[in-house]
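First up is the structure itself, then whatever we jot down about it.
The values are calculated or read from the model by the stated rules, or taken from the named source; none is laboratory data. Note that the structure is a prediction, hence the values are computed from the model and not measured. Virtual Cβ from ideal backbone geometry, glycine too; neighbours counted across all protein chains shown.
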Amino acid sequence: MKPIEEQLKKEIKERKLADVELAQVKNRLEYLLINNPAVIYTSRVKDDWSATFISKNIKKQLGYNPKDFLEDSTFWISHIHPDDRERVKKDIMKIFETDVYDHGSDAKPESPNEIILCWLFFG
């Protein structure tokens, strides 16, 4: 066998192993995200602060589908109690000063079956 063919076979084998390892890591990460009691999410840090990712366990935790947050940039703010919305919007801007935002224990859910617990850390 020519050296170039041997090298190509070696690279193909390495690539296949890397693909298997990547699939295993992806499956493990998905498992951790779904079974974690914390909802993991990311959002834009300007404009409408819309979600760019939200873990699937949001459905189990709060009853909403991830697409509700991802497809409607106002979904998250519209589910904050009206009495809290302006304070939350104002307080979010403090993230840039302290790198931390805590909704606080005095936040009211929009409906009785909702829970609002959220801490954002940047750094």
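Mind checking whether some residue in the range 58-76 is under 20 Å from Asn27 (Cα atoms), among the charged types (D, E, K, R) and more than 14 Å from the chain's Cα centre (by Cα)? Checked the range 58-76: at least one residue is under 20 Å from Asn27 (Cα atoms), among the charged types (D, E, K, R) and more than 14 Å from the chain's Cα centre (by Cα). When you check Val39 against the structure, is it closer than 23 Å to Phe75 by Cα and free of Cβ contacts under 8 Å to residues at least 60 places away in the same chain, yes or no? In short, yes.
Looking at Arg44, Arg28 in this structure, which one is surrounded by 10 or more Cβ atoms within 10 Å (Cβ to Cβ) and outside the structural domain of His79 (by TED's automatic domain parsing)? The match here is Arg28. Taking the range 42-56 as the range and being farther than 19 Å from Tyr31 by Cα and not in a strand (DSSP E or B) as the test, the residues that pass are Arg44, Val45, Lys46, Asp47, Asp48, Trp49, Ser50.
Okay, residues lined up against (1) of a type outside the set (Val, Ile, Thr); (2) modelled with pLDDT of 90 or more; (3) closer than 25 Å to Met93 by Cα:
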{"residue": "Glu5", "(1), (2), (3)": "yes, yes, no"}
{"residue": "Lys9", "(1), (2), (3)": "yes, yes, no"}
{"residue": "Leu17", "(1), (2), (3)": "yes, yes, no"}
{"residue": "Glu21", "(1), (2), (3)": "yes, yes, no"}
{"residue": "Val25", "(1), (2), (3)": "no, yes, no"}
{"residue": "Ile34", "(1), (2), (3)": "no, no, no"}
{"residue": "Trp49", "(1), (2), (3)": "yes, no, yes"}
{"residue": "Gly63", "(1), (2), (3)": "yes, no, no"}
{"residue": "Asp72", "(1), (2), (3)": "yes, yes, yes"}
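Of the numbered criteria (1) assigned to a helix (DSSP H, G or I); (2) outside the structural domain of Lys94 (by TED's automatic domain parsing), the one Lys59 fails is (2). Of all residues in the range 1-41, those satisfying the criterion of being in a helix (DSSP H, G or I) and basic (Lys, Arg) are Lys9, Lys10, Lys13, Arg15, Lys16, Lys26, Arg28.
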